[in-house]
Structures are given as C-alpha cells and as structure tokens.
Amino acid sequence: MSTEPSLHQRRRAPTEAELAGIPWLSRLTPEERAIALADLQISEAQAGDLVCRLGRPVTYWFGVVDGLLKMSGGSADGQAMTFTGVPPGGWFGEGTALKREAYRYNIQALRKSLVAGLPVDTFHRLLDQSIGFNRFVMNQLNERLGQFIAAREIDRMNSPDLRVARSLAALFNPVLYPGVGEVLRITQQELAYLVGLSRQRVNEALANLQARGLIRIEYGGLRVLDLEGLRSQRPT
C-alpha cells in the first residue's frame, strides 16, 4: 500500500507569486479578499493524480495555477471520453459547487501541476457577499456552456486537423484560461491525450495548421497566431 501523502494532505497556503495567478482575486474588495485568502489552499498534483473523482461529493472549487489537467468521463458504451483540458488560470466545477452535488467527471493531472482550492463553504459565502465574485462565476458558467456545446461538435468531427484546431482554440479561451496568453506549454503527447488521437496524427495536424499560418510550433509549446482562424476552421 502506498504511503505517499494524498493531494489533500499535501495542501498548504499559497505564496504571493501563486496568488498572482488566481484571476478572480482582483475582483474582490479588500474585505472579500481577506475571506478568500484565509481559506485558499495550494497542492502539487503529480502526473496521474486525480484532483476530482467521479461520484465523490464536492469539497472545493478548484483552479490551475501551473500545469495541465484534463476533464474526462465515461460514455454510454463504457469508453472514456475527454471533455476538455484545463491549462493555467482555469477554474472549474463551479456548477457542481453551486449545487453541492457529486462530481460527474474526473479531473486528472497530465503533468506535475499546482492546483488551488477554495472550500465550497467559502465559495458560497463569497457568492452571497461579493458582486465581483458573482460576475466572475456567471461569466465562467456562460463560457463553459459554449465550451461544452463546442466539445460535442468536436467529438463528431472526422477530420483530425479540425479536431486539433478546435481543441487548441478552446484551450486558448481568454475568459476561461487567462493564464495561457499567446503560448500554451503543452507537448504533442499531452495534446494527443486531450484530442483523442495518436501523437503521430496530432503532429501531422499541427504541421498543417502551422503551414496555414494559424500557429507556430515552439520549443515546449505552441503559439497561436490566428485564434479566430482556429475557431472558424471548416471541413474542406
């Protein structure tokens, strides 16, 4: 039996540098910020660690300070289905936290990642008291709805190039993932996990997108040159 401390047991208070990577803190008044800082926790997830597990009750609202997570679940035929990736700056599970229900998906670290957590009781306290926090969460829910509608469309696409283009565009969403900027630190294997294709086919798709001037492949990541172009890719 493993004696490695769990993600929950490894939690600690965030540093000032880590707090700078939490986008909604700037929306709070000094009093509201003090409430959040009293309860915010950071934990280092190792590759493969489950941050949220299907069927477990919600305890925290989570966000990614650094690293990369994937959200996945099971399909009706028992196959695993990846819904989306969660890069730096992304917070997720607000719908589950609002309803205080069990998770309907798994969230797993694809690489070593710094994950922030706000206890669900504090999440509700801020919802009750903070206009700025409410607006942030409402924007999240609105963008998330659009993201999952797009994810269903991506899942039906037969073109690997289109799947990769649309999936990349989703990871560069400036509202959901403000910590990404213009360069996403991701390997081709990690992208393959998220898109549901082989690494070789993802490599070919990226080369095609680069040839069209939509992205630039850089050491350790990808730079988007035309986000709207990625979003508007259509079957040829």
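The amide H of G90, built 1.01 Å from its N in the peptide plane, has V64, G179 as neighbours under 5 Å, considering only residues 5 or more places off or on other chains.
May I ask for the percentage of alpha-carbon pairs in the stretch 163-236 that lie more than 19 Å from each other? Walk me through the numbers before you get to the answer.
Details: 668 of 2701 pairs.
Roughly 25 percent, once rounded to a whole number.
Result for the chain in a Gaussian network model with C-alpha springs under 10 Å: among G196, G55, G85, the largest mean-square fluctuation is at G55. Out of every Cα pair in the stretch 91-236, what percent are spaced more than 21 Å from each other? Looking at the stretch 91-236, the distances longer than 21 Å represent 50 percent of pairs. Backbone phi angles across the stretch 9-14, fed through the Karplus curve with coefficients 6.51, -1.76 and 1.60 (θ = phi - 60°), yield HN-Hα couplings of 6, 8, 5, 7, 6, x Hz in residue order; Gly and Pro are listed as x.
With the Cα gyration tensor of the stretch 1-40 in hand, convert its eigenvalues to equivalent ellipsoid semi-axes via √(5λ) and list them largest first in whole Å.
Values for the stretch 1-40, descending: 28, 11, 7 Å.
Mean residue ellipticity, 222 nm, helices only, the chain: the sum of -39500 (n - 2.57) across DSSP H runs of n ≥ 4, divided by residue count and rounded to 500, is -11500 deg cm²/dmol.
Around the amide H of L68, modelled in the peptide plane, lie the amide H atoms of L110, R111, all under 5 Å away and 5 or more residues distant in sequence or on another chain.
What order, most packed first, do the peptides 199-205, 58-64 have when packing is the mean number of other Cβ atoms within 10 Å of each residue? Working shown, then result.
Working: 199-205: 17.3, 58-64: 22.6.
Answer by packing, highest mean first, reads 58-64, 199-205.
Amide H to amide H, with H built 1.01 Å from N, A47 comes under 5 Å of K112, counting only residues 5 or more places away or on other chains. Ranked by the mean number of other Cβ atoms within 10 Å of their residues, highest first, the peptides 218-224, 37-43 come out as 37-43, 218-224. Residue order by solvent-accessible surface for T82, T187 is T187, T82, largest first, with ligands and nucleic acids left out and a 1.4 Å probe. Within the accessible surface of the chain, defined with a 1.4 Å probe on protein heavy atoms only, the carbon and sulfur portion equals 50 percent.
The values are calculated or read from the model by the stated rules, or taken from the named source; none is laboratory data. Small disclaimer: the values here were computed from a predicted structure and weren't measured. Neighbour counts run over all protein chains shown; Cβ positions are idealised from the backbone, glycine included. All accessible areas refer to the heavy atoms of the entire protein, side chains included, with ligands and DNA or RNA removed. Shrake-Rupley method; radii C 1.70, N 1.55, O 1.52, S 1.80 Å.
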